[in-house]
Amino acid sequence: MDVGFWQAFKEDMLAAAGEMGIDKLGVTTADPFLELKQRLVRHRELGFESGFEEPDLDKRTEPGLLLPGARSIISIAVAYPSKLKDAPVSEPGLRRGILSRSAWGEDYHQALRRRMVRLSEWIVARLPDAELLSMVDTGALSDRAVAERAGIGWSGKNCSVITPELGSWVYLGEMITNLPLPPDQSLEDGCGDCTRCIDACPTGALVGPGQLNAQRCISYITQTKGFVEDELMLKIGNRLYGCDTCQIVCPVNRGIDVRLHEELLPDPEVAKPLLRPILTMGNREFKERFGSSSAAWRGRKPIQRNALIGLGNFKDRESVPDVVRALNDDPRPVLRATAAWALGRIGGDEAKLGLEQAKLGEQDPDVLAAIDRALTAQA
């Protein structure tokens, strides 16, 4: 088959993308991502990795290791909303947390996989011998590196792929194939001298243009399951999952709120839930409430810990009995220690009494240390 056939095939695929629920599609070669590999090596040396990534840097940068005979990579982008309509109000006694926009609506992994299946079926129906390997977020390849090289958008200083039409409010996925599809041109950088994302990052996790220290990124921290440093808990605010600050301040994103896909529209009560009820949720209730969101992938422990952090940062006096109950009754030391921190932040006689009484029966050294710090903060 000649070049003309593959160009026509690609144009037909582009024309059909919208019906598959794909908002933007680009193609790049399956050549190794050599520059990316150098950056990843340096990233690891600096200790900036999150630990959620594929550990094998060769697999992350050499598509041919994932699909022998790979010739092309198809990159897709699907837009998601950035505005929460009819958002419930957070008020004393009824304080609310917030999920990042990437966790609104249906879990994007499922939403994109369905689109990848449709695209695969479309290709195989026309080329039965096509070899295809799809991945979304959890695959070995870097979604952003593929999308950048395929012309979906440019890599912003906030480490997001920014599209001219949809901003950075897009989910990304890719498909490695043995088809020799004509590649697209990458876009020129559109950030210019702007550093708003770097300046606005709450923890200074954006250590340079396009360089992220994941260990200090709130989006990463809210997904961990362990103890969080006091300083970082202050920065988390009422975020239950993820952080959108570096995208919210981006000038390209201003005014963009794409609502093309019903399954990605947020339920306000899930996107901005009450904090106190989260503290006593069992696994079944948690799955019923948050199970369809990408925020549920780490289970309820991080969300419950972050709910305690949110109540502490709100200094919500009416929640003290709930937080004291968590300090006394929760079997998980991380949550008890976080509850102690929250009571120290809230302050007042009831919080102090709760801390003093809990100290008498507590045996875990980390929790005891947290109680002591909380009592010192109130002194």
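The values are calculated or read from the model by the stated rules, or taken from the named source; none is laboratory data. In this text, all values refer to a predicted model and were calculated from it rather than measured experimentally. Ideal geometry is used to build each Cβ from the backbone, glycine not excepted, and the neighbour counts take in all protein chains shown.
Quick notes on this structure:
- Among the criteria (1) farther than 21 Å from ALA87 by Cβ; (2) assigned to a helix (DSSP H, G or I); (3) of a type in the set (A, V, I, L, M), the one MET281 does not fulfil is (2).
To keep it simple, each residue is scored yes or no on (1) more than 16 Å from the chain's Cα centre (by Cα); (2) among the hydroxyl-bearing types (Ser, Thr, Tyr); (3) over 18 Å from GLY291 (Cα atoms); (4) assigned by TED's automatic domain parsing to the domain that holds ASP56.
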{"position": "ALA87", "(1), (2), (3), (4)": "yes, no, yes, no"}
{"position": "GLY93", "(1), (2), (3), (4)": "yes, no, yes, no"}
{"position": "LEU99", "(1), (2), (3), (4)": "no, no, no, no"}
{"position": "ALA111", "(1), (2), (3), (4)": "no, no, no, yes"}
{"position": "ARG115", "(1), (2), (3), (4)": "yes, no, yes, yes"}
{"position": "LEU119", "(1), (2), (3), (4)": "yes, no, yes, yes"}
{"position": "LEU127", "(1), (2), (3), (4)": "yes, no, yes, yes"}
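- The residue of the stretch 280-302 that is surrounded by the fewest Cβ atoms within 10 Å (Cβ to Cβ), among those that are among the polar types (S, T, N, Q) and under 22 Å from LEU265 (Cα atoms), is SER292.
- Residue list for the stretch 298-344, filter: modelled with pLDDT of 95 or more and among the small types (Gly, Ala, Ser): ALA307, GLY310, GLY312, SER319, ALA326, ALA337, ALA339, ALA340, ALA342, GLY344
- Matching helices (runs of 4 or more DSSP H) fully within the stretch 48-160 where at least 2 residues are touching a residue at least 40 places away in the same chain (Cβ under 8 Å) and of a type in the set (S, T, N, Q): none
- Residues located in the stretch 91-102, provided they are small (Gly, Ala, Ser) and crowded, with 18+ Cβ neighbours inside 10 Å: GLY97, SER100, SER102
- Cβ separations smaller than 7 Å between residues 6+ apart or across chains give no pair from the stretch 1-25 residues that are exposed (fewer than 11 other Cβ atoms within 10 Å of the Cβ) to residues that are at pLDDT 95 or above.
- Restricting attention to the stretch 45-63 and to residues that are surrounded by 14 or more Cβ atoms within 10 Å (Cβ to Cβ) and not charged (D, E, K, R), the residue that is farthest from the chain's Cα centre (by Cα) turns out to be PRO63.
- Scanning the stretch 119-133 for residues that are touching a helix residue (DSSP H, G or I) at 6+ places or on another chain (Cβ under 9 Å), among the aliphatic types (A, V, I, L, M) and surrounded by fewer than 16 Cβ atoms within 10 Å (Cβ to Cβ) turns up LEU127, ALA130.
- Residue in the stretch 190-211 that is of a type in the set (D, E, K, R), crowded, with 16+ Cβ neighbours inside 10 Å, modelled with pLDDT of 95 or more and in a loop (DSSP other than H, G, I, E, B) present: no
- The residue that is surrounded by the most Cβ atoms within 10 Å (Cβ to Cβ), counting only those in the stretch 346-369 that are within 17 Å of PRO331 (Cα to Cα) and charged (D, E, K, R), is GLU362.
- Residue within the stretch 76-83 that is of a type in the set (Ser, Thr, Tyr) and under 23 Å from the mean Cα position of the chain (by Cα) present: yes
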